[in-house]
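Chemist: Sending over a structure as structure tokens; questions will come in a sec.
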Amino acid sequence: MRIRFIIIFLILSSTGITIYADDFTTKTDTLSEVVIEASKDKLKLNEIPASVSIISANKIKENNINSLKDLTSNVPNLFMPDYGSKLTSPLYIRGVGSRINAPSVGLYVDNVPYFDKSTFAFDFFDVQRIEVLRGPQGTEYGRNTMGGIINILTKSPWDYQGTHLDLTAGTYGYYGVNAGYYGKTNEKFAYSLALNLLHNDGFFTNQFLNNKVDKLNSYGIRNRLIYKFSDRFSVENIFSFERSNQGGYPYATYNDSTKKANKISYNQYSSYLRNLASDALVFKYITNYFDVKATTSYQYLSDNQKIDQDFTKDSIYFVIQKQKQNMISQEIILNSNKKQKYSWLIGTYGFIQQFNNSVNTNIYTSKKQNDKRYDHIIKGGALFHQSTLNNFLVKNLSLIAGIRMDVETDNLSYKCDTTNTKTAVTSNEADTTYNPLNSFEFLPKVALNYKWDKNNIYAVIARGYKTGGFNSTFERPEDLTFDPEYSWNYEIGVKSSLFNDFLYADLSLFYIDWKNQQIYQTVPSGKGSMLKNAGHSSSKGFETMLKTKTFCGFDLQASYGLTYAKFITFVQNANTDYSGNYIPYVPKHTLSLMAKKTVDFNSDILDKIVFNILYRGAGEIYWNDANSHKQDFYGLLDANISFIRKNFQFDIWGSNLTNNYYEAFYFEIQNLGKKYVQTGKPLQAGVKLSVNF
């Protein structure tokens, strides 16, 4: 009943952009001047016909946002379940997402595209700003941005100079060190170097092995160099690297009687080791009529997953999966640099993504070991254009229209050997190069945006597209490939400053109609997973946010998202029809309530104390296509108290303070007749010392 009251209050009070403005100003009336970096045509906040969330460095720190998974519910209708390991990182926005294979939401970090979902879960450090654009962004970003785009920007030495040090300690053996130096030698050259170390002992214990399941050791480094040859020409290089070594997969069998998880108890330690490196080289040149930006990016991924795939005390399956990925991309954008009645953007993009994957499965019960190897290359290119006509028909009305042409080819070679572990005899099961998959797509977008005073209203129609591809696990010829999925997105929204700029409010309503949705399925034997296409699906809902200007030391914010994502037509076989069911892994509600109070002292001992409390809720969430198991709406309470004196800050923080029990993930292994669940992380508390000089 309380949740319903909050939802009704938000709807009635709001007039979709979530804004955290600490990095820019505390005055609401200047928020519209913020330029959104994810907008390749350099649009300001109130000029973008889209629902946007901006999370500043202050909010990232105050709310302990340490990875993409912590954005759940902080951004309306965004959900990234926290389970398994860093390899398992599906991301959903407005019901659009993918549990395996390529993501349905785009991610860029300092101009580097993250095309593989296994790269999404990385540790945040020195993040200056996060921008989330909801809804298809295919015109500017192309493939696999059906749900939206997340753009992460780290701290630039051109804008900030100095040294910082953060030391963190918490329960469950949590320790963190983050240090960075940012310098500018003159008006031409700036540089920075940042380091991050992270350790925890793990939250969950394997009772059979008597050790922690999910311990973590991780370190990262980021180097940034900027050189300005002149006021018109600059070059920048950003390099980052992260190595993480973690235990994983705290899955326990589910008890139907108690409706809770049993103790975690399986006989082989599981882990995930990953090395992730990326580099971006960015050239910018300004002419009298247009700007040129050329970005060359490279990303390298090497990982090793070891997993007891039956999660029992018996030796049934054990899988070792390794992958290496190299990806190179090149983008060149030209856009008009003067605010005129007509502005434009034109760009070209190309990439090549090369994978070498291997999957070794030890099937103890049949004394067999399968060794599968994949050589996989995806290449693609695009041309795109967007035009904006200002004062279209009437003053302050803008017409934005764009189109993108995407071409892509997908090549796969596959080998499979089977070894009898009793006789040591190996036989070749497959050695095949498949016919390439080719695609050619047009991605249009049309939008209207009308501004008056400090308000604007917009409407947009855009096409979304997610590529098809090869399944890495299949047992029947018809399961080798899966088709692309397509969507049409319809959205209207209002952004408004109310009560003499005391209250900022926004509301967006959306409807997504998509065909051939790619659905996660287990292979017939249950030993692996694949993607299949559903017939017809839809998602509809809205997002709303309210934010006050600072008053009497208080800052208040509330945001809410509603998503009804359902299969319209999904007939799996003659005996199974999921039509009308909710799409799994998508919370119907996401809710965030934040209150901050600043108490000024201005004494020789203390400048101020900042109290920050955050409530995040999500649910209900169905975990399977049959909708036979779900997680009801649940909420997490986090808090942070900051004691600030000049360049020193001491924080006391806590997460899930009520120690709420909830399911972070649920699945079934049909051939074993078992159900499994991972529970959410328990109450955690700690302290942090920050020094800036």
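The values are calculated or read from the model by the stated rules, or taken from the named source; none is laboratory data. All of these numbers come straight from a predicted model, not from anything done at the bench. Cβ atoms come from the backbone with ideal geometry, glycine included; neighbour counts cover every protein chain shown. What goes into the accessible areas is simple: the full protein's heavy atoms, side chains included, and nothing from ligands, DNA or RNA. Shrake-Rupley method; radii C 1.70, N 1.55, O 1.52, S 1.80 Å.
Chemist: I'm trying to understand the selection: among the residues of the stretch 538-547, which are more than 30 Å from Phe611 (Cβ to Cβ) and either open to solvent by less than 20 Å² (accessible area, probe 1.4 Å) or in contact with a helix residue (DSSP H, G or I) (Cβ under 6 Å, 6 or more places away or on another chain) (or both)?
Modeler: Hits for the stretch 538-547 are Ser538, Ser539, Gly541.
Chemist: Check the stretch 184-192 and report whether any residue there is closer than 15 Å to Gly220 by Cβ and surrounded by fewer than 18 Cβ atoms within 10 Å (Cβ to Cβ).
Modeler: No, the stretch 184-192 contains no residue that is closer than 15 Å to Gly220 by Cβ and surrounded by fewer than 18 Cβ atoms within 10 Å (Cβ to Cβ).
Chemist: Can you tell me which residue in the stretch 73-91 is nearest to Ile492 (Cα to Cα), limited to those that are in contact with a Lys or Arg (Cβ under 7 Å, 6 or more places away or on another chain) and of a type outside the set (Asp, Glu)?
Modeler: Restricting attention to the stretch 73-91, the residues satisfying the condition of being in contact with a Lys or Arg (Cβ under 7 Å, 6 or more places away or on another chain) are 73-74, 77, 80, 82, 86, 89-90.
Cutting the leftovers down to of a type outside the set (Asp, Glu) gives us 73-74, 77, 80, 86, 89-90.
On the way: Ser73: 21, Asn74: 21, Asn77: 16, Met80: 25, Lys86: 35, Ser89: 30, Pro90: 27 Å.
Among those that are in contact with a Lys or Arg (Cβ under 7 Å, 6 or more places away or on another chain) and of a type outside the set (Asp, Glu), it is Asn77.
Chemist: Would it be correct to say that Leu503 is open to solvent by 20 Å² or more (accessible area, probe 1.4 Å) and aliphatic (A, V, I, L, M)?
Modeler: Values: open to solvent by 20 Å² or more (accessible area, probe 1.4 Å): yes; aliphatic (A, V, I, L, M): yes.
Taking the combined requirement at face value, the residue satisfies it.
Chemist: For the stretch 351-406, how many residues are within 26 Å of Gln268 (Cβ to Cβ), open to solvent by less than 70 Å² (accessible area, probe 1.4 Å) and not β-branched (Val, Ile, Thr)?
Modeler: 11
Chemist: In the stretch 274-286, which residue that is more than 20 Å from the chain's Cα centre (by Cα) and open to solvent by 10 Å² or more (accessible area, probe 1.4 Å) is farthest from Thr119 (Cα to Cα)?
Modeler: Ile286
Chemist: If you don't mind, there's one more thing I want to ask. Out of all the residues in the stretch 500-547, which are more than 30 Å from Phe601 (Cα to Cα) and part of a loop (DSSP other than H, G, I, E, B)?
Modeler: Hits for the stretch 500-547 are Asn516, Gln517, Val523, Pro524, Ser525, Gly526, Lys527, Gly528, Ala534, Gly535.
Chemist: Which one is farthest from Tyr661 (Cα to Cα) among residues in the stretch 238-261 that are open to solvent by 50 Å² or more (accessible area, probe 1.4 Å) and part of a strand (DSSP E or B)?
Modeler: If we take residues in the stretch 238-261 being open to solvent by 50 Å² or more (accessible area, probe 1.4 Å) and part of a strand (DSSP E or B), then Phe239 is farthest from Tyr661 (Cα to Cα).
Chemist: Any idea how many residues of the stretch 111-135 are part of a loop (DSSP other than H, G, I, E, B), farther than 22 Å from Thr563 by Cα and either open to solvent by less than 10 Å² (accessible area, probe 1.4 Å) or touching a helix residue (DSSP H, G or I) at 6+ places or on another chain (Cβ under 9 Å) (or both)? Let's see the steps before the verdict.
Modeler: Quick first cut of the stretch 111-135, residues part of a loop (DSSP other than H, G, I, E, B) only: 111, 114-116, 120-126, 135.
With farther than 22 Å from Thr563 by Cα added as a condition, the list becomes 111, 114-116, 120-126.
Now narrow it down to the ones that are either open to solvent by less than 10 Å² (accessible area, probe 1.4 Å) or touching a helix residue (DSSP H, G or I) at 6+ places or on another chain (Cβ under 9 Å) (or both): 120-122, 124, 126.
Counting residues in the stretch 111-135 that are part of a loop (DSSP other than H, G, I, E, B), farther than 22 Å from Thr563 by Cα and either open to solvent by less than 10 Å² (accessible area, probe 1.4 Å) or touching a helix residue (DSSP H, G or I) at 6+ places or on another chain (Cβ under 9 Å) (or both) gives 5.
Chemist: Whether any residue in the stretch 136-149 is modelled with pLDDT of 95 or more and in a loop (DSSP other than H, G, I, E, B) is what I want to check.
Modeler: There is no residue in the stretch 136-149 that is modelled with pLDDT of 95 or more and in a loop (DSSP other than H, G, I, E, B).
Chemist: Restricting to strands (runs of 3 or more DSSP E) lying wholly in the stretch 548-654: which have 1 or more residues that are out of contact with any strand residue (DSSP E or B) (no Cβ under 8 Å at 6 or more places or on another chain) and either modelled with pLDDT of 95 or more or surrounded by fewer than 20 Cβ atoms within 10 Å (Cβ to Cβ) (or both)?
Modeler: Because the criterion is at least 1 residues that are out of contact with any strand residue (DSSP E or B) (no Cβ under 8 Å at 6 or more places or on another chain) and either modelled with pLDDT of 95 or more or surrounded by fewer than 20 Cβ atoms within 10 Å (Cβ to Cβ) (or both), the strands (runs of 3 or more DSSP E) in the stretch 548-654 that meet it are 571-573, 634-645.
Chemist: Is it the case that Tyr160 is open to solvent by 20 Å² or more (accessible area, probe 1.4 Å), modelled with pLDDT of 95 or more and out of contact with any Lys or Arg (no Cβ under 7 Å at 6 or more places or on another chain)?
Modeler: Criteria not met by Tyr160.
Chemist: Which residues, counting only those in the stretch 197-212, are open to solvent by less than 20 Å² (accessible area, probe 1.4 Å) and out of contact with any Ser or Thr (no Cβ under 7 Å at 6 or more places or on another chain)?
Modeler: Passing the criteria: Asn200, Gly202.
Chemist: Okay, next question. Please determine, by comparing only the residues of the stretch 373-400 that are at pLDDT below 95, part of a strand (DSSP E or B) and among the charged types (D, E, K, R), which one is nearest to the chain's Cα centre (by Cα).
Modeler: Among those residues, the one meeting the criterion is Asp375.
Chemist: Could you tell me which residue of the stretch 48-97 is nearest to Tyr511 (Cα to Cα), considering only residues that are assigned to a helix (DSSP H, G or I) and open to solvent by less than 10 Å² (accessible area, probe 1.4 Å)? Before the answer, list the steps.
Modeler: Kept after step one, since they are assigned to a helix (DSSP H, G or I), are these residues of the stretch 48-97: 57-62, 68-71.
Restricting the remaining residues to those that are open to solvent by less than 10 Å² (accessible area, probe 1.4 Å) gives 59, 68, 71.
Numbers: Lys59: 30, Leu68: 25, Leu71: 23 Å.
Per the criteria, the residue is Leu71.
Chemist: Go through the stretch 459-500 and give me each residue that's surrounded by 16 or more Cβ atoms within 10 Å (Cβ to Cβ) and among the small types (Gly, Ala, Ser).
Modeler: Ala462, Gly464, Gly468, Gly469, Ser472, Ser487, Gly493, Ser496, Ser497
Chemist: Quick one: would you say Gln340 is in a loop (DSSP other than H, G, I, E, B), touching a strand residue (DSSP E or B) at 6+ places or on another chain (Cβ under 7 Å) and either surrounded by fewer than 15 Cβ atoms within 10 Å (Cβ to Cβ) or modelled with pLDDT under 95 (or both)?
Modeler: Considered against the rule, which asks whether it is in a loop (DSSP other than H, G, I, E, B), touching a strand residue (DSSP E or B) at 6+ places or on another chain (Cβ under 7 Å) and either surrounded by fewer than 15 Cβ atoms within 10 Å (Cβ to Cβ) or modelled with pLDDT under 95 (or both), Gln340 comes out as no.
Residue-wise test of (1) of a type in the set (A, V, I, L, M); (2) on the phi < 0 side of the Ramachandran plot; (3) assigned to a strand (DSSP E or B); (4) surrounded by fewer than 20 Cβ atoms within 10 Å (Cβ to Cβ).
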site	(1), (2), (3), (4)
Leu225	yes, yes, yes, yes
Glu236	no, yes, yes, no
Asn288	no, yes, no, yes
Val292	yes, yes, yes, yes
